[in-house]
1. Could you please tell me which pairs satisfy a Cβ distance under 8 Å, a separation of 6+ or placement on different chains, a first residue in the stretch 1-22 that is closer than 23 Å to S163 by Cβ, and a second residue that is more than 16 Å from ligand 1 (Cβ to nearest atom) and acidic (D, E)?
2. Quick check on this structure: which one of I166, I161, I170, I88 is closer than 20 Å to V16 by Cβ and either within 11 Å of ligand 1 (Cβ to nearest atom) or surrounded by 14 or more Cβ atoms within 10 Å (Cβ to Cβ) (or both)?
3. Quick check, is E82 surrounded by fewer than 13 Cβ atoms within 10 Å (Cβ to Cβ) and either within 15 Å of the chain's Cα centre (by Cα) or modelled with pLDDT of 95 or more (or both)?
4. If you take the residues in the stretch 44-71 that are away from ligand 1 (no atom under 13 Å from the Cβ) and loosely packed, with under 11 Cβ neighbours inside 10 Å, which one is farthest from L186 (Cα to Cα)?
5. Within the stretch 144-164, track down each residue that is of a type in the set (D, E, K, R) and either in contact with a Pro (Cβ under 6 Å, 6 or more places away or on another chain) or under 30 Å from I109 (Cα atoms) (or both).
6. Looking at the stretch 23-38, can you tell me whether even one residue there is of a type in the set (G, A, S), within 13 Å of ligand 2 (Cβ to nearest atom), in a helix (DSSP H, G or I) and under 23 Å from E177 (Cβ atoms)?
7. Which condition from (1) away from ligand 2 (no atom under 13 Å from the Cβ); (2) free of Cβ contacts under 8 Å to residues at least 12 places away in the same chain is the one that F189 breaks?
8. So K131 passes all but one of these: (1) part of a helix (DSSP H, G or I); (2) more than 21 Å from Y23 (Cβ to Cβ). Which condition number does it fail?
Amino acid sequence: MPLLESLDKFKQEKPVVLLLGVYDGVHKGHQALIKKAKEIAALKKTKVLLITFKNPPAQVLFPERKVELLCSFSERVRHLQEYGVDIICPLEFKKELAVLTAKQFFEIIAKKIPFTDLVIGFSATIGSDQKNNRANIIKAAEELGFRVVEHFPVLQDELPITSSRIRDLIAKESYNEAEALLGHTLDNFKKRP
Ligand SMILES: Cc1cc2nc3c(=O)[nH]c(=O)nc-3n(C[C@H](O)[C@H](O)[C@H](O)COP(=O)(O)O)c2cc1C
Ligand SMILES: Nc1ncnc2c1ncn2[C@@H]1O[C@H](COP(=O)(O)OP(=O)(O)OP(=O)(O)O)[C@@H](O)[C@H]1O
């Protein structure tokens, strides 16, 4: 079951290791988080589940900003599977979701999808309580009983690899550099001219 149609469809007895985010492009930074999650899951003999937003939250929160994705949703799913995510749960990012705090969001998730660990990167922000967000995530984890595993930033040329950085490289037609950060060739969606 790679694609979970809704949180309600989750049927698995063992709590999973959770990843969360857009994961556009599934670049080397994302790949490192998946690897870390897989290592934890292997120790616990469980699976890695990623909750991914089909539409980038920025499109809902800041409609004036144009977000040009690096790959289509099906390309994203293919990469995620190739890098070893066991279950992918796509969520639509809606305004009703955007108002939830980190704790409220994880309370809803944990009721539907039990998880022991959440693997996040250096730049993760989760919930409407954006101020001191990292502390809010950690407090929510303590209260709800899961572990937060924070991954160090994966760098290239001393700067973190991010989807935005890759988008900028493509805009400059620096395709080889973009692919070096992605860790795979560009998808059809953003094919070289
Ligand atoms: C429940 C929830 C509420 C959010 N509320 C806000 C918000 O109020 N303002 C904001 O800028 N981002 C908000 N976000 C978006 C996050 O900051 C972040 O962009 C999103 O979770 C995508 O994660 P990623 O950037 O790690 O892929 C919210 C996210 C979640 C899950
Ligand atoms: N280079 C990286 N090293 C470690 N973690 C990373 C890296 N890039 C992203 N992450 C983590 O991956 C998760 C998903 O992030 P997200 O989908 O927002 O990617 P992003 O590359 O930061 O995208 P954008 O540039 O659009 O914000 C977050 O927990 C984030 O901190």
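1. Hits for this filter: P2/D86; V17/D117; L18/D117.
2. On the way: I166 fails: closer than 20 Å to V16 by Cβ; I161 fails: closer than 20 Å to V16 by Cβ; I170 fails: closer than 20 Å to V16 by Cβ.
None of the others qualify; the one that does is I88.
3. On the way: surrounded by fewer than 13 Cβ atoms within 10 Å (Cβ to Cβ): yes; either within 15 Å of the chain's Cα centre (by Cα) or modelled with pLDDT of 95 or more (or both): yes.
Considered against the rule, which asks whether it is surrounded by fewer than 13 Cβ atoms within 10 Å (Cβ to Cβ) and either within 15 Å of the chain's Cα centre (by Cα) or modelled with pLDDT of 95 or more (or both), E82 comes out as yes.
4. Taking the stretch 44-71 as the starting set, the residues that turn out to be away from ligand 1 (no atom under 13 Å from the Cβ) are 44-49, 64, 66, 68, 71.
Still in the list and also loosely packed, with under 11 Cβ neighbours inside 10 Å: 45, 64, 66.
Values: K45: 33, E64: 26, K66: 20 Å.
The qualifying residue farthest from L186 (Cα to Cα) is K45.
5. Of the stretch 144-164, the ones of a type in the set (D, E, K, R) are 147, 150, 157-158.
Once the filter is applied, which keeps residues that are of a type in the set (D, E, K, R) and either in contact with a Pro (Cβ under 6 Å, 6 or more places away or on another chain) or under 30 Å from I109 (Cα atoms) (or both), the stretch 144-164 yields R147, E150.
6. So the first thing to find is which residues in the stretch 23-38 are of a type in the set (G, A, S), and the list is 25, 29, 32, 37.
From the residues that got through so far, the ones that are within 13 Å of ligand 2 (Cβ to nearest atom) too are 25, 29, 32, 37.
Keeping just the survivors that are in a helix (DSSP H, G or I) gives 29, 32, 37.
Narrowing further to those that are under 23 Å from E177 (Cβ atoms): 29, 32.
Yes - at least one qualifying residue is present in the stretch 23-38.
7. The failed condition is (2).
8. The failed condition is (1).
The values are calculated or read from the model by the stated rules, or taken from the named source; none is laboratory data. Quantities reported herein were computed from a predicted structural model and do not represent experimental measurements. Neighbour counts run over all protein chains shown; Cβ positions are idealised from the backbone, glycine included.
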